[in-house]
Amino acid sequence: MLVVTLVEIVLRFPLTLVSGALLLVVNGVLLSGCSKQRPGERWVNDLKLRGVESVDKGALEDGLATAETGWWPFASKKWLDYGALDKDLARIRAFYARRGFFRAQAKHRLKMRDDKVSADVFFEIVEGPETMLRDVRVEGLEAAPTRLRRLKGLGFELGKRYDHARYGDAKGRLLARLHRAGYAYATVEGRVEVDRDARSAKVLLTAKLGPKVRLGEAVFKGLGPLPEDKLQHQVDWQDGDTYTPDSLARTRAALFNQQVFASVSLDLPKVPPTADAAIVPVTIETTPSKLRELRLGGGVGIERKRHELRLRGSWRIRNFLGGLRTLTVRLQPAFVSIPNLWDSRRMGFAATNDVKLEQPDFLSTRFLAFGLFGYDLGVHEGYKWHGPRLQLGVDRSFFNGRLRGGLSWNLQFLDFFSIIEEAFENAQTPLLGDFVDPYRLAWFEPFIQLDLRDNRLDPRAGFFASIHMELGFAVIGGDFDYLKVLPEVRGYLPVFTKRLVLAVRALYGYMKPLSDRHNTPVTRRLFLGGPTSHRGFSFGRLSPMANGVPLGGNSSLLFSADLRLRVVKLAGNWLGVGAFFDAGDVVAKSADLDLENLHLATGGALSYKTPIGAIRIALGVRLNRVDDPEPSPDPGSRVAFHLTIGQAF
């Protein structure tokens with residue numbers, strides 16, 4: 001089966017501010033034109049909830065059918081529905097009852113505006129007295145261990161206001177506790193007794209344990225051409241292990257990570273065994289996904305000092321020659337003009353082309369082994385280059401993908417041409433005093449990362465840490481002996497509400513030659529700048545420079561802090577705004593890093609969440625060192641525009 005996907009992505013293009021604004025206007029016109037106002041009909045200008053003191057007003061308003069029209073231009077009208085008003089009164093009373101206010105009352109009032117086409121809606125609410133939780137009992141676990149019977153950990157707070165959500169959560173927590181203990185067929189029922197006069201509530205939970213279960217054979221169904229022996233190695237349990245839902249969840253995640261399934265479900269027999277500690281089989285129902293995929297696309301990239309026209313193409317075959325192997329062929333040609341297309345001082349074709357073969361569960365070790373061969377053509381401000389590259393490596397994930405590590409051997413041959421000699425010969429830095437042409441690079445690249453974020457594309461909470469290294473040695477095929485270390489940490493914290501998030505990052509880079517023969521290789525040096533880096537600079541422009549050419553550095557440091565706010569939903573997706581602050585530098589050696597004189601920048605961003613990620617426009621303004629002469633980066637360039645997909649970090 002052949003799947004063709006056409007994708008066009010435009011990155012870092014300031015002029016799209018205009019086209020993006022036009023697109024919003026066109027969409028607004030289309031949305032507003034879809035619902036014409038009928039005679040006598042009014043739209044809701046303002047919605048007010050009065051008397052709300054003890055519950056979340058935002059959550060209450062979100063649950064109502066009546067909504068106010070957005071303030072932004074061309075917002076879709078929210079029409080006044082008299083029938084929905086009465087239903088909203090019932091919704092308000094139910095909302096309060098679920099939070100322990102069983103005598104809450106509500107009424108609505110309308111104010112017709114003088115424009116004769118809109119109205120304001122007011123809901124007047126009297127919350128009434130609270131109902132307190134007085135007693136909680138659990139029955140049916142008399143023969144179970146004490147740790148399963150205890151109330152601690154279920155979330156109840158005796159003497160506090162009754163909350164129906166806590167009651168529902170408690171049932172789920174008790175059931176999960178029993179499942180983790182091996183009682184796969186356990187059930188939990190509940191009942192709440194409310195005395196409105198006494199303003200008290202009692203909760204009774206009734207559990208049925210069923211037999212304790214041990215996991216047996218994994219029986220696959222629906223595999224089609226996929227090899228069962230390889231997939232059996234993804235099963236997380238051994239025959240006879242005590243049942244836990246985590247074992248099934250880890251197995252399901254491991255199977256999905258093979259990228260050959262559209263759906264995976266794991267089921268125990270519907271009828272529980274009669275004996276305790278019985279071994280039961282697990283049926284794994286699968287639906288294979290499309291095994292062949294063609295992707296085509298293109299776009300443009302415009303930086304202040306670089307314009308690109310790009311094409312993208314990839315062909316992927318999953319389960320290539322059996323064994324769950326994946327073969328990927330990637331072609332990415334481009335035309336580059338520096339500094340721009342209409343005043344080109346340097347231009348040429350560039351390309352990133354490679355063939356990659358991946359083998360999961362290599363030698364039944366759960367490691368992913370891969371090999372890659374590519375041939376690239378590049379255009380830099382100071383030179384052009386071409387040459388082949390080779391990579392062989394393994395990596396493995398642990399704890400459901402939260403922890404990942406790997407190691408690869410890399411070999412690259414680079415032949416330089418069209419070199420700007422004055423940038424190298426007259427450089428006011430020791431970095432390019434021994435420029436080698438051509439050269440071979442060979443290095444080992446170990447890495448490890450810990451990912452505790454709630455969402456990898458748009459994180460709202462959590463933590464991320466990683467460390468990547470390069471160990472280059474002449475004895476493994478290269479011309480350079482060098483060390484490169486890149487540790488990074490990120491943190492995400494909701495502030496008062498999940499709509500507002502504080503994101504912080506710290507990134508350090510260190511390189512050092514390990515012999516006296518050469519300095520560090522110029523193409524592996526450190527650079528900062530761009531939409532996912534220091535946003536006061538265009539892509540790769542924060543670097544020591546000579547004659548306008550970024551040379552790269554052997555030491556870098558970057559601190560970033562973002563405040564990201566989800567403002568409103570447009571067409572079902574979040575429109576967000578943000579503010580950021582970046583501080584960083586790239587220098588020839590670590591001793592030159594000055595924490596009191598880093599390059600500072602601040603700015604703002606506008607983002608719109610889509611199925612492929614958040615489209616983000618950002619404007620960064622440098623706050624200091626703008627007029628420092630070379631080798632300081634980009635003298636006189638104060639502002640940088642960025643357009644990209646995804647968050648900065």
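Find the lysine pairs in the stretch 220-363 meeting two conditions, Cα atoms under 23 Å apart and a separation of 8 or more places or different chains, and report how many there are.
6
About the Cα centre of the chain, what is the dipole size in debye to 20, counting +1 per Lys and Arg Cβ and -1 per Asp and Glu Cβ, all else neutral?
2480 debye
Using Cβ counts within 10 Å as a stand-in for footprinting exposure, how do K589, K212 rank, fewest first?
K589, K212
Would you mind getting me the FRET efficiency between A277 and S200? Use the beta-carbon distance for r and R0 = 41 Å, nearest 0.05.
Computed FRET efficiency for A277 and S200 comes out at 0.45.
How far is helix 164-180 tilted, in degrees, relative to the longest principal axis of the Cα atoms in the chain, given as a value from 0 to 90 rounded to the nearest 10?
Its long axis makes an angle of about 70 degrees.
Between R50 and L606, how high is the FRET efficiency from 1/(1 + (r/R0)^6) when r is the Cβ-Cβ distance and R₀ = 22 Å? Nearest 0.05.
0.05
First measure r as the distance between the Cβ atoms of V126 and F74, then evaluate 1/(1 + (r/R0)^6) with R0 = 35 Å and state the FRET efficiency to the nearest 0.05.
0.35
Would you list, by chain and number, the aspartates and glutamates whose Cα falls below 16 Å from the Cα of K484, excluding same-chain residues fewer than 8 positions away?
Once the sequence-local aspartates and glutamates are set aside, what remains near K484 is E445, E470.
Which value in nm describes the separation of the simple spin-label points at N257 and E142, placed 7 Å from the Cα toward the beta carbon?
4.6 nm
Bin width 5 Å, alpha-carbon pairs only: give the P(r) of the stretch 85-148 as whole percents, running from 0 to the bin holding the largest distance.
Computed distribution, short to long bins: 4, 14, 16, 12, 10, 9, 9, 8, 6, 4, 3, 2, 2, 1, 0.
Using only alpha carbon pairs under 8 Å that are at least six residues apart, calculate the relative contact order of the chain and give it in whole percent.
Averaging sequence separation for qualifying contacts and normalising by length gives 8 percent for the chain.
Could you please tell me the mean projected area of the C-alpha convex hull for the stretch 299-368, averaged over all directions and given in square nanometres to one decimal?
6.2 nm²
Please give the peptides 53-59, 43-49 ranked by average Cβ packing (other Cβ atoms within 10 Å per residue), highest first, as a rough proxy for protection.
43-49, 53-59
Tell me the angle of helix 16-33 to the major Cα principal axis of the chain, expressed in degrees between 0 and 90 and rounded to the nearest ten.
30 degrees
Could you sort 303-313, 364-374, 550-560 so that the peptide with the highest average Cβ count within 10 Å comes first and the rest follow in order?
Averaged packing, sorted descending, gives the order 550-560, 303-313, 364-374.
Return the tail of the calculated pair distribution for the chain, meaning the percent of Cα-Cα pairs more than 48 Å apart.
So the portion of pairs separated by more than 48 Å is 33 percent.
Which of the aspartates and glutamates could be linked to K212 by a straight reach, that is with a Cα gap under 14 Å, when you skip same-chain ones fewer than 8 residues away?
Of all the aspartates and glutamates, those that pass the test against K212 - Cα under 14 Å, at least 8 places apart if same chain - are D241, D276.
Charges at C-beta only: +1 for Lys and Arg, -1 for Asp and Glu. How large is the resulting dipole of the stretch 213-288 about its Cα centre, in Debye rounded to 20?
The dipole of the stretch 213-288 has a size of about 200 debye.
Using the basic label-point model (7 angstrom from Cα toward the beta carbon), what is the V577 to D115 distance in nanometres?
Label-label distance for V577 and D115, simple model: 2.1 nm.
Compute the angle between helix 82-97 and the longest alpha-carbon principal axis of the chain, please, reported from 0 to 90 degrees and rounded to the nearest 10.
That helix lies at roughly 90 degrees to the long axis.
Give me the base-10 log of I(q)/I(0) for the stretch 503-616 at each q in 0.09, 0.21 Å⁻¹, Debye formula, one uniform scatterer per Cα, rounded to two decimals.
Evaluating at q = 0.09, 0.21 Å⁻¹ gives log10 I(q)/I(0) of -0.32, -1.09.
Among DSSP beta bridges whose residues both lie in the stretch 132-208, state the antiparallel percentage, nearest 5.
Bridges in the stretch 132-208 that DSSP calls antiparallel: roughly 60 percent.
Just to be sure I follow: if Rg is taken over the C-alpha atoms of the stretch 132-208 and Rh is the Kirkwood radius over the same atoms, what is Rg/Rh?
0.99
A short reminder: the numbers here are calculations on the coordinates, not readings from a lab. Predicted model only: the values in this text are computed from it and were never measured. Neighbour counts are summed over all protein chains in view; Cβ atoms, including those assigned to glycine, are modelled from backbone coordinates with ideal geometry.
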